[in-house]
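Undergrad: The structure under discussion is supplied below as structure tokens; questions concerning it will follow.
The values are calculated or read from the model by the stated rules, or taken from the named source; none is laboratory data. All of these numbers come straight from a predicted model, not from anything done at the bench. Because the Cβ atoms are built from the backbone with ideal geometry, glycine has one as well, and the counts that use them run over all protein chains shown. Remember, those area values only see protein heavy atoms, side chains included, never the ligands or the DNA or RNA. Shrake-Rupley method; radii C 1.70, N 1.55, O 1.52, S 1.80 Å.
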Protein chains: 2
Amino acid sequence: MAQTKNFRFEELLDKHHLKKTGARLRVLSMMYSKNTATSQPDLESVMSDIDRVTLYRILNVFEEKGIIHKVFDLNGTANYAVCHSDCGENHHHDEHLHFNCTNCKNVYCLDDLHMPRLTLPDGFKAESFTLYASGLCPKCSKKSNVMAN
Amino acid sequence: MAQTKNFRFEELLDKHHLKKTGARLRVLSMMYSKNTATSQPDLESVMSDIDRVTLYRILNVFEEKGIIHKVFDLNGTANYAVCHSDCGENHHHDEHLHFNCTNCKNVYCLDDLHMPRLTLPDGFKAESFTLYASGLCPKCSKKSNVMAN
DNA sequence: ACATAAATGCAACATTATTACATTTAGATT
DNA sequence: AATCTAAATGTAATAATGTTGCATTTATGT
Ligand SMILES: [Mn+2]
Ligand SMILES: [Mn+2]
Ligand SMILES: [Zn+2]
Ligand SMILES: [Zn+2]
């Protein structure tokens, strides 16, 4: 059962010539199970049995391989999210909106909201764009509506 | 002469009911003298005689008062830039493009490039937007052109 | 089953940031 | 000009985040 559940992640690791280790599979299954990014502190506390350094190394390879991407939230905290664009070895295309909820602190990757390519002042050569927004996520805006009644 | 040069900054501190101290004036004059943001590490090394804690406190009040705003660069390093929008006590409106040069690491506030207000998925209530771009700044793109010849 | 590169664990260290408390100072009051 | 006091600074201690070097273990190909 746990075997079956991890099958796709094992394939994913294979594809990237990474060894299938317990730590890596757990990180993948945690990140793929959520629709928001996961903060480094969260990862660290959930995976507290995995050594901190190992965790950093796992996150770094995953990022290099184009499996996940790193997003800093409004507090400068590192968050990691699964790539849904076709990212590859040192080539990311995660140019979507990152929504940071000021209440629950969750970071949402809104893949559908792509960047409007705009014209920069003379001399600036842009290679990539990222869009940030902050405010209330659906869950928290619903809650605050209820509170107000 | 140094007196004259600091006059506007003394006025600024006055306006915000902040005492005119040497440290604060130096931070202001450094940040206003540049057209890019200043990173925390840079500030710390330039102002190495000012205690680190004091520096953090200065940056924090300035941010609260709406004198400067904080921007995290691609490496998650805190950068601080003068506000050119009409920001005030706990009310920032710095919704412009932040350009992070991958070569010189400088962060430019491109105030003229405002956010295209876009429609978010159901439930998301955005309060503010920020736009990030990375690539080469004018100085660095010029240099890399020269190199290529 | 064996060999080996890859992955992990561990210790030490660096940087960034915050808190509590003691001391100093800017600016107001007399 | 001397005095007062809230505000600002300094100092020490601690926490959180991230990196490096090296020893040990393990996944995987043979
Ligand atoms: Mn994303
Ligand atoms: Mn800015
Ligand atoms: Zn929320
Ligand atoms: Zn540059």
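Undergrad: Could you list, bin by bin from short to long, the percent of Cα-Cα pairs of segment A:48-87 in 5 Å steps?
TA: Using 5 Å bins, I get a P(r) of 6, 23, 24, 23, 18, 5, 0 for segment A:48-87.
Undergrad: When the Cα centres of segment A:81-149 and segment B:1-59 are compared, how far apart do they sit, in Å?
TA: 33
Undergrad: Further question: Just to verify a number: FRET efficiency for A:Asn145 and B:His91, C-beta to C-beta distance, R0 = 25 Å, to 0.05? Don't jump to the answer; show the numbers that get you there.
TA: Details: r = 24 Å, r/R0 = 0.94.
The computed FRET efficiency comes out at 0.60.
Undergrad: Follow-up question, since we're still on this one. What's the local net charge at B:Lys65, with K and R +1, D and E -1, over the other residues with C-beta under 10 Å away?
TA: Details: positive: B:Lys15; negative: B:Glu63, B:Glu64, B:Glu89.
For residues surrounding B:Lys65, the net value is -2.
Undergrad: Segment A:71-137: which GluC sites (Glu not before Pro) are DSSP loop and have at most 12 other beta-carbon atoms within 10 angstrom? Mind dumping the intermediate values first?
TA: Values: sites: A:Glu89, A:Glu95, A:Glu127; in loops: A:Glu89, A:Glu95.
Filter output for segment A:71-137: A:Glu89.
Undergrad: Jot down the per residue volume, in cubic angstrom and as a whole number, of the convex hull over the alpha-carbon atoms of chain A. Numbers along the way, then the final one.
TA: Details: hull volume 23.6 nm³, N = 149.
Normalising the Cα hull of chain A by residue number yields 159 Å³.
Undergrad: Hey, what's chain B come to in accessible area per residue, 1.4 Å probe, Å²? Write down the numbers at each step before the final one.
TA: On the way: 8470 Å² over 149 residues.
That works out to 57 Å² per residue.
Undergrad: When we measure straight from the Cα of B:Lys20, which aspartates and glutamates land under 16 angstrom away, once same-chain ones fewer than 8 places off are left out?
TA: Within the straight-line limit of under 16 Å, B:Lys20 reaches these aspartates and glutamates: B:Glu10, B:Glu11.
Undergrad: Same structure, new question: Using a 10 angstrom Cβ neighbour count of at most 10 plus a DSSP loop assignment to flag exposed trypsin sites (Lys or Arg not before Pro), which longest range of chain A is free of such sites? Walk me through the numbers on the way to the answer.
TA: Working: sites that count: A:Lys19, A:Arg117.
So the longest stretch without any such site is A:20-116.
Undergrad: With N residues in the protein assembly as shown, what two-decimal value do you get for its Cα radius of gyration over 2.2 N^0.38 Å? Before the final figure, lay out the partial values.
TA: On the way: Rg = 21.7 Å, N = 298, 2.2 N^0.38 = 19.2 Å.
Rounded to two decimals, the normalised Rg is 1.13.
Undergrad: A further question follows. Placing the label point 7 Å from Cα along the Cα-to-Cβ direction, what are the distances from B:Asp112 to the equivalent spots in the other copies, shortest first, in nm to one decimal?
TA: Shortest to longest, the spacings are 3.5 nm.
Undergrad: Give the carbon-plus-sulfur fraction of the accessible surface of segment A:2-146 in %, rounded to a whole number; probe 1.4 Å, heavy atoms of protein chains only.
TA: Carbon plus sulfur share of accessible area: 49 percent.
Undergrad: If you average the sequence gap of Cα pairs under 8 Å that are 6 or more apart and divide by the length of chain A, what percent do you get for the contact order?
TA: Working: 181 pairs, mean separation 25.8, N = 149.
Rounded, it is 17 percent for chain A.
Undergrad: Label-to-label distances across copies for B:Val53, with labels 7 Å out along Cα→Cβ, in nm, shortest first?
TA: Going from nearest to farthest copy, the values are 3.2 nm.
Undergrad: Given the DSSP H assignment, sum -39500 (n - 2.57) over each helix run of at least 4 residues in chain A and divide by its residue total; what's the result at 222 nm in deg cm²/dmol, nearest 500? All intermediate terms of the calculation are to be shown ahead of the outcome.
TA: Values: 5 runs with 57 residues, N = 149.
About -11500 deg cm²/dmol.
Undergrad: Got the B:Met30 label distances to the other copies yet, label 7 Å along Cα→Cβ, in nm, shortest first?
TA: 3.7
Undergrad: Taking amide H atoms as placed 1.01 Å from N in the peptide plane, list the residues 5 or more away in sequence, or in a different chain, whose amide H sits under 5 Å from that of B:Phe72.
TA: Residues meeting the criterion, in which the H sits 1.01 Å from N, are B:Asn79.
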